[in-house]
Each structure stands twice: as C-alpha cells, then as structure tokens.
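Here's the structure we're looking at; comments come further down.
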Number of protein chains: 2
Amino acid sequence: MGIKIKSRTLREISSISEMKDISQSLRKQNLTIGFVPTMGCLHAGHLNLVKRSLETCDRTVVSIFINPTQFGSNEDLDTYPRQLESDIEKLETIGADILFHPTKEEMYPPGYKTSVEVQNITEQLCGKSRPDLFDGVSTVVLKLFNIVRPHNAYFGEKDWQQLAVIETLVEDLNLDVAIIRVPIVREADGLAMSSRNRYLSPQERQSALSLSRSLQQARDNIRRGTTSAKAISDSIRQCLSEQEGTEIDYISVCDPESFKEKEQIRGRTLIALAVKVGPSRLIDNCIIEEF
Amino acid sequence: MGIKIKSRTLREISSISEMKDISQSLRKQNLTIGFVPTMGCLHAGHLNLVKRSLETCDRTVVSIFINPTQFGSNEDLDTYPRQLESDIEKLETIGADILFHPTKEEMYPPGYKTSVEVQNITEQLCGKSRPDLFDGVSTVVLKLFNIVRPHNAYFGEKDWQQLAVIETLVEDLNLDVAIIRVPIVREADGLAMSSRNRYLSPQERQSALSLSRSLQQARDNIRRGTTSAKAISDSIRQCLSEQEGTEIDYISVCDPESFKEKEQIRGRTLIALAVKVGPSRLIDNCIIEEF
C-alpha cells in the first residue's frame, strides 16, 4: 500500500473542491485513505476510531461537520457542543493528517434538493423517536464519502443502528468503501463516551450510569437463563426508572440487523436503549451473541 | 488524456464487480471513460450519444438495463421493448468499447433498501403523471455512476426534466462526473426518436407527428409576437386534439430549471409535452431562448 511517510502537521481544509483534489492526489500516489466522520467535540471514542485508521491507512482524514439535516426541529442542533480549537489540538496530538471542516453553506448551498433514504431499518429505535435522523445521516455520509473518497471509514458501535444504515447504503449504492465497526469506548465507570455527556450535572452523571448497568444486568440475567425479552426489558426499565431525572425513550430487544423486536432471546440479539437524562438524550447497547 | 488505443471488439459485462474492476483499471491507466446509460432498444438518438462519447473519451461504456424501479405498477415495464442482439450489433458497428448489462437481481439483490430523491423539480411534468419515475431514475443512475465511474455521462435533451434531475443529483451529492447534454435527434419528418415509437401503427405514427408540429407552431407563434403562455398551450392542445388516438397527459410552458409554470413567455422557456398516442406515451419539448 505504498511507503508510510506521515505528514507532520494537521492540514485543515474547509473547501470541498480542495478536499477532493487532495483525495484524488493521494489516490494517484496509491496511498490509502482512512476516514472518521464526526460532529466534533471529540472524545476518547472518536480518538479510538482515528487511532484505528492511523494503524491501517496511509493517510487519515477526520471530518467535523454538525449536520443540520439530521436534527429534528425540536432537537439540540443549536446547543450541540462546538469546540474546534481543542478538537484540533487532539487531532494534532494523535497524528491525524487532515481535518475537513466545511461550512453548512458549502455542504448545502442554496437550491440544494437531494436526499437519500434507507428503508425498513430506519423506522425503529432511534429512527422512531428521531424521524429525520437517518435520512440526514445517510445523505451527509454519502456526500462526505464522495468528497473524501476513503478506502476505509470508521464508525463506533454505540450508534449501532446508524452503522447498519451506513453499511446498507454502501452496499446498495455500490460504493467502494470498507466500513469498519469499532466497539463502544466507555468511561472507567461504564458510561459510554458521548459528546452529550458533558451536559450532565454530577447527579445526572450518576443517574446515567444506569444505562450501562442495566445492560450489564440484562447480560447477567440472560447468562443465568432468562429467555423472555419482556422479562429482560422489564428489568432494564426498572433499573433505569429507579434513577432520578431519567426518562426512557425506548428499550429494545431485537434482531441486530432487521431491528425486529424479539419475544424470546434466541440467536444473536441486540439490546438497545435511549434514555433522556437531564438535558441529554443518551444511547447505549450491547450484543448478546448466539448461545 | 492518454494515448487513444481503441479496443477492437465490444466487451460484454454483466457482473457489477467485473465492471468496477475494469473502470478502476482504465482510471489507473489515465484513460477517460464516457458513459451512455440506456434501457436498450437503441435508436439513432442513443447512437448519437455514443458517438459523442467516442469523439471525446478514451473508452465508451454503454449500459442496457431496464430499470424496474422507475416504472409505475400500471406502466409498460413488461412490454418495454427488448432486443439485446440487435443492440449489440449496433454498438459493435459504431465502435463502443463496453456493454454493461447487469440483471435485475445484480442491481437490486434481495434486501435492497436504498433510494435517492431529488426534491422540488420532480413533482411537475413527467413526475406528476409518473410519481415513481424520478426516484427510480436517480437511484439507478447513482448506482451506475458508482459502478462505471465515468468522467463524462451523456444524456439526451428529449428527457429534459430527467437531465435537470441528474444534474442536480450530481451537484448535490458531490459526484465527479460531467453531465453532457445532447440535443434531441428526430426522424426526417420531425418525430423525436424513442424506443416507444415502434409500437405505433402507421395511423398512430401519423398522429404522433402532431407533437413536433405543435411545438414548431408554438415557436412560430412566439416569433410572431404571442407572449401569453395560455394562448400557446391552447394552440398546442388544439393541434394535438385534432389527431385521432391522441390523449394529452400534459402541456407545460415553464421555467426550464424550476419547471414553474409561466403565464407570460419571458426569459428562457421550456415547452414540454407528454401525449399518449395509441399504446405509447410520447414526450417532446423545445426551448424558447430568451429574446
């Protein structure tokens, strides 16, 4: 895959045409491009994706773009955390090659009209409570892939449904990019990394631990022989509800590809949660392997 | 642009992965790829697109794929003409390099879920009477572009609205393909070339001439000073209705980019028609340049 000569400094690009020129030039040199699309406010989960790309690809591109089309009108687009300077520092430290951070106007100029929809796997879980989410994600990811032209793109399994949507998009539209799944990164106490964690008060932070704890309890119960999906989701609901300031959006015990709800835990199973804790809607999930 | 060494024989490809490998290899050799997507049953209009590609690009790929997703349930998918053998002869004679003709199952395997929508310019004209048409066209063209990876793609102006949709798709999704518009090719008597012309009886063929004739009359009337869009569409309606076996789908006097109907013929104007003549739905159009 070519000789690995790392560029020393992070190159910041905001123009689409400049990013395209760079990608084309890297490809002409037979250098592989790894890509980590983000909305910024980078945490250890993001940096783990970047690390994976750095280990495998000749050049690593990270994008920071808070995509307005994936937020609903009542969601937190305006308050979504922004901290470009500290993101840049983190990317410099870890050794990423290129930061692509286009403006909204560059990505969606006046007269913009096109959207992409992945059907059947976007109406459940997060797609149910956030109906604009996955069309927005699919469209922006397709645009970013066309601009960055990566060989590999890295996504975290915390957004499990998003990963399934992007894998389907890539396969259905015959794109030439390998989607690399990376396991959830957690704080020491189990809380899944999220840009929205920073809004939690100490008390809410404590309540938020019930997400990972309830999943761990579910795992334990299944290992001990529970096979009823209802029993599992009831015990998760109880664990979450005991905490102050939590509001459950969904608890799903389902097939990890079709997201069809299960009655019995047979075969590979996804347990996925979305819970509002104070100001932040948090998600978490775990996979029960076939047993 | 590389040295132009033409391959001598038409290469037939039905596998997506084989087509992708060829495109990748051509691009690695710095050869330019011209692409003419068709539904087969090739006529002089198609061959003119191929000729344009042959003149400009190092290699010319023609696809033949009758795309099921762009036909409505009450439309002519089952009877749409198929004549692969004679299409191949024509492509060999003209000197096309590659024929890509995938199966339906190759393009839309079981579990296929993704579609692309271009908004705002797909609800008028043909999009109004054929609501599935443009999502189907956008999706299959995007897939074909991703498979063939052309530098240039050639489309006829007979499908004016389709061209606008594809241009928008390419721009919005940041694709790297130049869309080349090619004027309508007509029979000696004025009938716009169409694969659906073959279904016309001699009498219907005669009636079908009213499409181009009514457009010519509209041009003449505008040149003589008519500025009312209603007067123009009334005179077109009369000319079409006089013929036996015609059933008007739409007559539109509109902006050629937004497809907004005009009251006065000011600025660049599209006059577009769709008329059922016997078994065939025929379309035609002309542009009135700003004057």
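The values are calculated or read from the model by the stated rules, or taken from the named source; none is laboratory data. Because the structure is a prediction, the values reported are computed rather than measured. Every residue, glycine among them, receives a Cβ derived from its backbone with ideal geometry; neighbour counts consider all protein chains shown. Surface accessibility is based on the protein's heavy atoms, side chains included, excluding ligands, DNA and RNA. Shrake-Rupley method; radii C 1.70, N 1.55, O 1.52, S 1.80 Å.
There is no residue in the range A:250-258 that is farther than 21 Å from A:Leu163 by Cβ and touching a residue at least 12 places away in the same chain (Cβ under 8 Å). Among the numbered conditions (1) touching a Gly at 6+ places or on another chain (Cβ under 6 Å); (2) open to solvent by 40 Å² or more (accessible area, probe 1.4 Å), the only one that B:Lys104 does not meet is (1).
Under 8 Å by Cβ, and 6 or more places apart or on different chains, what pairs join a residue from the range B:120-144 that is under 19 Å from B:Val177 (Cα atoms) with one that is open to solvent by 20 Å² or more (accessible area, probe 1.4 Å) and aliphatic (A, V, I, L, M)? Short answer, once both residue conditions are applied: B:Leu142/B:Leu175.
Among the residues of the range A:3-62, those identified as over 19 Å from A:Arg82 (Cα atoms), away from chain B (no Cβ under 14 Å), open to solvent by 80 Å² or more (accessible area, probe 1.4 Å) and not in a helix (DSSP H, G or I) are A:Ile3, A:Lys4, A:Ile5, A:Arg8, A:Thr9, A:Arg11. Taking B:Phe65 as the residue in question, decide whether it is within 14 Å of chain A (Cβ to nearest Cβ) and surrounded by 14 or more Cβ atoms within 10 Å (Cβ to Cβ). When the stated conditions are applied, B:Phe65 passes them. Taking the conditions (1) open to solvent by 60 Å² or more (accessible area, probe 1.4 Å); (2) at pLDDT below 95 in turn, A:Glu75 satisfies each one other than (1).
Exactly one residue out of B:Glu242, B:Glu247, B:Glu257 is open to solvent by 50 Å² or more (accessible area, probe 1.4 Å) and closer than 15 Å to B:Cys286 by Cα, and it is B:Glu257.
Is there any pair with a first residue in the range B:70-89 that is within 21 Å of B:Ala44 (Cα to Cα) and a second that is among the polar types (S, T, N, Q) and at pLDDT 90 or above whose Cβ atoms are under 7 Å apart and which are 6 or more apart or on different chains, and what are they? Going by the 7 Å Cβ cut-off, the qualifying pairs are B:Pro81/B:Ser195.
In the condition set (1) under 26 Å from B:Lys51 (Cα atoms); (2) within 14 Å of chain A (Cβ to nearest Cβ); (3) touching a residue at least 40 places away in the same chain (Cβ under 8 Å); (4) part of a helix (DSSP H, G or I), B:Pro102 is compliant with all but (4).
If you check A:Tyr108, A:Tyr154, A:Tyr112 for being in contact with a helix residue (DSSP H, G or I) (Cβ under 9 Å, 6 or more places away or on another chain), free of Cβ contacts under 8 Å to residues at least 12 places away in the same chain and of a type outside the set (D, E, K, R), only one passes: A:Tyr112.
Looking only at the range A:268-291, residues that are open to solvent by 50 Å² or more (accessible area, probe 1.4 Å) and not in a strand (DSSP E or B) come to 5 in all.
The requirement of being closer than 23 Å to A:Asn152 by Cβ, in contact with a strand residue (DSSP E or B) (Cβ under 8 Å, 6 or more places away or on another chain) and not hydroxyl-bearing (Ser, Thr, Tyr) is fulfilled somewhere in the range A:65-74, by at least one residue.
For the range B:109-197, give me every one of the strands (runs of 3 or more DSSP E) that falls completely inside it and has 2 or more residues that are open to solvent by 20 Å² or more (accessible area, probe 1.4 Å) and more than 14 Å from every other protein chain (Cβ to nearest Cβ).
The strands (runs of 3 or more DSSP E) meeting that bar are B:152-156, B:178-182.
Within the range B:209-227, the residues that satisfy the criterion of being open to solvent by less than 40 Å² (accessible area, probe 1.4 Å) and in contact with a strand residue (DSSP E or B) (Cβ under 9 Å, 6 or more places away or on another chain) are B:Ser210, B:Leu211, B:Ser212, B:Ser214, B:Leu215, B:Ala218, B:Ile222. For A:Gln206, the criteria (1) touching a His at 6+ places or on another chain (Cβ under 9 Å); (2) open to solvent by 60 Å² or more (accessible area, probe 1.4 Å) hold in every case but one, which is (1). With respect to B:Ile232, is the statement that it is among the β-branched types (Val, Ile, Thr), in contact with a strand residue (DSSP E or B) (Cβ under 9 Å, 6 or more places away or on another chain), in a helix (DSSP H, G or I) and open to solvent by less than 10 Å² (accessible area, probe 1.4 Å) true? So B:Ile232 fits the description; yes.
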